[in-house]
Amino acid sequence: MSRYHRQIILKELGQTGQNQLTHAKVLVVGAGGLGCPALLYLVAAGVGHIGIVDDDVVALSNLHRQVLYGPEDIGQPKATVARRVLSAQNPEIQLVAYPTRLTTANAWDIVAPYDMVLDGTDNFTTRYLLNDLCFLQQKPLIFGAISQFEGQVSVFNLPQNGITAANYRDIFPTPPAEGTVHNCAEAGVIGVLPGIVGSLQAAEVIKIITGIGRPLANAIMTYNLLTNNSLKLKIHPRAETIRLIPKDRAAFEQTNYQLLCGIPEKTLEIGGSELHQYLHRDDVQLIDIREPHETPDLTAFPHQRMTMNTLTESDFTRPTVIFICQSGKRSLSTAHEWSENLPDKQFLSVRGGVLAL
Amino acid sequence: MALKILVFGQLTEITQTSELEWETVEQVGALRQQLLQRFPEMAHISVAIAVNQTLADDQTAIPANGEIALLPPFSGG
């Protein structure tokens, strides 16, 4: 008896469908609230080749919804732990872990070997990056996203009966301004919601691979956990969308998705009162990057003094580094530069510099 | 004739309800302007507008008794 017997006896699926699942290659980006349930069902269904991308580590506050992990995994990379747990669930399939952040530098080659991508990310930077990349590579993108008690699910880049396929930019052409949309950390989420939405995404993947049913192509579905209301809205590809997407690999790799999502300027700058709050934490270091002759000296805060041209990676000993200069200009450009070079650390700049304190 | 407007996600924090009644208006662009007048905070959030379960442009006509949906982007995962 095959472990897949109960799904093979579905006449819509059959052995043919099971063979299609065995040969399918699916990349899951984000092994969090959406990725965990999606992965569990894709693995259990026997999808033959699955990649898992996530650069984050397991935290205690993840466990109520990220059901692949336990307390002993805290601090471990999610992609690696997920791979280990899922390999035990189904040793018959191939699992690859990518414990790295998807960036324009690595995304093209990571995505290329896969047939389709499941978006389980938690930020607009990666969502728009994935949307554009999947459009350029013409790969189906199975989208899922949540906000408090509601979810959205859709399938992009999947032509239906010759109708051109819509993508995320046909709904939301450009990213919303940074900070205008809630995330789970700020707004809260009940664990079962991403469980439902991630499972819906897994179902779409299985439908697309085996050609059964009607996937959510050219449509977006909303689901409300509190009311059980769901609504399917049709999407039409818009002529203008193509102009918003980089035209080829080279243009894609030069696109700064962080900037498009409004992350610099607004969030790299902090004011004097925020500086006080940051310096109460022990994971923060303050660096005065002014030339040695510049005055007044900074006496109100513990800090290091290193000029901007001499800074090296080894100077940044804590996860958050705050730069300060005379007027806030040099520190902001330094924070931008290092954010690009070392995306895993947080670099900030004090608005208005020493003169504004 | 009145329109029914379904409101999703964090937009309900602005409208304080998930369903609005609205006076008939001819086009999506005009409706968007009226919504911004009544709910100025909507200016800070991207809103996709659907008419009778189809995503619409500002030029899309709104039939009498049409059902409108206001959809914000979700990022959580």
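The values are calculated or read from the model by the stated rules, or taken from the named source; none is laboratory data. This is a predicted model, so every value here is computed, not measured. Cβ sites come from the backbone with ideal geometry, for glycine too, and all protein chains shown count toward neighbours.
Tallying residues that are farther than 30 Å from A:Arg65 by Cβ and either more than 10 Å from chain A (Cβ to nearest Cβ) or touching a residue at least 12 places away in the same chain (Cβ under 8 Å) (or both) within the range B:54-77 yields 13.
Determine, yes or no, whether A:Leu260 is in contact with a Pro (Cβ under 8 Å, 6 or more places away or on another chain), within 30 Å of A:Leu216 (Cα to Cα), surrounded by 15 or more Cβ atoms within 10 Å (Cβ to Cβ) and of a type outside the set (Val, Ile, Thr). Considered against the rule, which asks whether it is in contact with a Pro (Cβ under 8 Å, 6 or more places away or on another chain), within 30 Å of A:Leu216 (Cα to Cα), surrounded by 15 or more Cβ atoms within 10 Å (Cβ to Cβ) and of a type outside the set (Val, Ile, Thr), A:Leu260 comes out as yes.
For the range A:169-213, filtered to residues that are out of contact with any helix residue (DSSP H, G or I) (no Cβ under 6 Å at 6 or more places or on another chain), at pLDDT 95 or above and of a type in the set (D, E, K, R), the residue that is surrounded by the fewest Cβ atoms within 10 Å (Cβ to Cβ) is A:Lys207. On inspection, A:Glu150 passes the criterion of being acidic (Asp, Glu) and within 10 Å of chain B (Cβ to nearest Cβ). Residue count for the range B:50-77 under the criterion of being hydrophobic (A, V, I, L, M, F, W, C) and either surrounded by fewer than 15 Cβ atoms within 10 Å (Cβ to Cβ) or touching a Pro at 6+ places or on another chain (Cβ under 6 Å) (or both): the result is 2. A single member of A:Phe124, A:Phe135 is within 14 Å of chain B (Cβ to nearest Cβ) and either buried (at least 21 other Cβ atoms within 10 Å of the Cβ) or within 19 Å of B:Ala69 (Cβ to Cβ) (or both), and it is A:Phe124.
Among the residues here, A:Val85 qualifies as in contact (Cβ under 8 Å) with a residue 12 or more places away in the chain and either surrounded by fewer than 21 Cβ atoms within 10 Å (Cβ to Cβ) or of a type outside the set (Val, Ile, Thr) (or both). Taken together, the criteria exclude A:Thr104 from residues that are surrounded by 15 or more Cβ atoms within 10 Å (Cβ to Cβ), free of Cβ contacts under 8 Å to residues at least 60 places away in the same chain and either more than 14 Å from every other protein chain (Cβ to nearest Cβ) or not in a helix (DSSP H, G or I) (or both).
Residues that are in contact with a Cys (Cβ under 6 Å, 6 or more places away or on another chain), over 30 Å from A:Val111 (Cβ atoms), surrounded by 12 or more Cβ atoms within 10 Å (Cβ to Cβ) and outside the structural domain of A:Pro175 (by TED's automatic domain parsing) are absent from the range A:267-288.
Quick grid of which residues meet (1) surrounded by fewer than 16 Cβ atoms within 10 Å (Cβ to Cβ); (2) away from chain A (no Cβ under 14 Å); (3) within 17 Å of B:Glu67 (Cα to Cα):
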{"site": "B:Leu6", "(1), (2), (3)": "no, no, yes"}
{"site": "B:Ile14", "(1), (2), (3)": "no, no, no"}
{"site": "B:Thr17", "(1), (2), (3)": "yes, no, yes"}
{"site": "B:Thr24", "(1), (2), (3)": "yes, yes, yes"}
{"site": "B:Leu31", "(1), (2), (3)": "no, yes, yes"}
{"site": "B:Gln37", "(1), (2), (3)": "yes, yes, no"}
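Of all positions in the range A:187-195, none carries a residue that is within 10 Å of chain B (Cβ to nearest Cβ), without any contact (Cβ under 8 Å) to a residue 12 or more places away in the chain and outside any helix (DSSP H, G or I).
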